[in-house]
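The values are calculated or read from the model by the stated rules, or taken from the named source; none is laboratory data. Computed from a predicted structure; not experimentally measured. Reconstructed Cβ throughout: ideal geometry from the backbone, glycine too, with neighbour counts over all protein chains shown.
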Ligand code: ADP
Ligand code: MG
């Protein structure tokens, strides 16, 4: 499913203060694409991801998923659309602490229409031997891989990731990025990944550079590299 944004704007109002977080963003994301969104803090990256994925409503503009105009859906239909088609990974892992890795991933697969096998997905993220462990028994990188596995278990068409490696060290970040990369290649999941790290952009098909609420530049990345080759810093 391709996504088209036309002149999307978002203004936050708190009291007298208005923040123009998105000042007219137009963009097309193709099916199966790996998009990385880069840009300084406060440039509108999270706001962009939140309005594309229906977590938040734009102040104006159009967001189309194939023939579905997201901004015209009722709240119920939007919830259903998001459940059926979209997945999310955030910086905080948000795993349920009283469930094992496998049980967490099973919860994710339960909400899918054509879910993937939880054990297969855990094997894919390299945690087959650890699937009966509880979150506290896993390292940060392992927990984030469980979290990615849980998000993809329902087999979303598009996975949105907001700084998925933000709290991880270099080596564990690479492990998590490799998983995202593999899923994009093997399952053809469209990836929209926000990061602070310019190196990660090298993995993408296209890099969207945000600056003060606008797209500053779109870089077509013909020389895509793998997460394993990323130069950090
Ligand atoms: P980024 O993710 O690139 O750091 P954000 O999209 O979070 O940027 O924020 C863009 C701008 O919108 C910033 O100036 C931020 O302070 C403001 N902003 C974000 N969320 C809210 C909100 N809920 N209410 C008011 N202002 C917000
Ligand atoms: Mg952000």
### Which numbered condition residue 37 fails, given (1) outside any loop (DSSP other than H, G, I, E, B); (2) away from ligand 1 (no atom under 16 Å from the Cβ)
(2)
### Task
Count, please, the residues in the range 54-69 that happen to be under 15 Å from the mean Cα position of the chain (by Cα) and away from ligand 2 (no atom under 13 Å from the Cβ).
1
### Summary
In the range 55-78, anything closer than 13 Å to residue 5 by Cβ and touching a residue at least 40 places away in the same chain (Cβ under 8 Å) is listed as 58, 60, 61, 62, 63, 64, 65
### Message
Between a residue in the range 41-54 that is more than 9 Å from residue 213 (Cα to Cα) and any residue that is in a helix (DSSP H, G or I) and more than 9 Å from ligand 2 (Cβ to nearest atom), which pairs come within a Cβ distance under 8 Å, given they are 6 or more apart or on different chains?
### Response
53/82; 54/70; 54/78; 54/81; 54/82
### Message
Give me the residue from the range 178-203 that is under 20 Å from residue 41 (Cβ atoms) and in contact with a strand residue (DSSP E or B) (Cβ under 7 Å, 6 or more places away or on another chain) and, out of that set, surrounded by the fewest Cβ atoms within 10 Å (Cβ to Cβ).
### Response
198
### Message
For a quick check of your reading of the model, give me the residue pairs whose first member lies in the range 150-171 and is within 16 Å of ligand 1 (Cβ to nearest atom), whose second is modelled with pLDDT of 95 or more and in a loop (DSSP other than H, G, I, E, B), with beta-carbon atoms closer than 8 Å and at least 6 apart or on different chains.
### Response
160/53
### Message
Going by what's in this entry, would residue 32 be described as at positive phi, within 16 Å of ligand 1 (Cβ to nearest atom) and at pLDDT 95 or above?
### Response
no
### Query
For the range 85-97, does any single residue satisfy the condition of being farther than 17 Å from residue 132 by Cα and in a helix (DSSP H, G or I)?
yes
### Query
Within the group 144, 175, which residue is crowded, with 23+ Cβ neighbours inside 10 Å and either touching a helix residue (DSSP H, G or I) at 6+ places or on another chain (Cβ under 6 Å) or assigned to a loop (DSSP other than H, G, I, E, B) (or both)?
144
#### Entry: Failed item in (1) away from ligand 1 (no atom under 15 Å from the Cβ); (2) outside any helix (DSSP H, G or I); (3) in contact with a strand residue (DSSP E or B) (Cβ under 8 Å, 6 or more places away or on another chain), with residue 208 passing the rest
(1)
#### Entry: Condition check for residue 47: farther than 23 Å from residue 178 by Cβ and either away from ligand 1 (no atom under 16 Å from the Cβ) or touching a helix residue (DSSP H, G or I) at 6+ places or on another chain (Cβ under 8 Å) (or both)
no
## Note on the structure
Subset of the range 1-24, residues touching a residue at least 40 places away in the same chain (Cβ under 8 Å), more than 15 Å from ligand 2 (Cβ to nearest atom) and part of a strand (DSSP E or B), comes to 3, 4, 5, 6, 7, 8, 9, 11, 20, 23, 24
